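Every read-out reported here was derived from the displayed coordinates using simple, explicitly stated rules and does not represent laboratory data. Given the structure is predicted, the values throughout are model-derived calculations rather than measurements. Positions of Cβ are backbone-derived with ideal geometry, glycine not excepted, and every protein chain shown enters the neighbour counts.
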């Protein structure tokens, strides 16, 4: 169920990016669904590897290189899925930013603000644990 929700949120993000960002477009609903599925797969499996490989750059840029990784993944999906187009790096950059913002907003509205939660580990409330 969580997978379906994430896929629908990502699809909604691509729909919004299609309307707001010149250079991000889809030709059919099938292409939109395949593109969002492939982008979700890339976000789940390829992005962590890229983050690990570019960790020094991420540290130097205070995490801003993360936007470049998102753009690269969106651009790659645009080149792999027929009927889904991402015309250039800047379209991918702004499209990735819009998709991320839409995902953040929708997840907040659905009650899933983030995957990171801080909870109290002991009953006295003095110890905190970060649960991912």
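Based on the mean of other Cβ atoms within 10 Å per residue, sort peptides 85-91, 50-56 so the most packed one is first. Before the final figure, lay out each step's value.
Values: 85-91: 16.4, 50-56: 12.7.
Top to bottom by mean Cβ count within 10 Å: 85-91, 50-56.
A full extension of the chain between residue 55 and residue 104 corresponds to an added length of 15.3 nm, given 0.36 nm per residue minus the alpha carbon distance.
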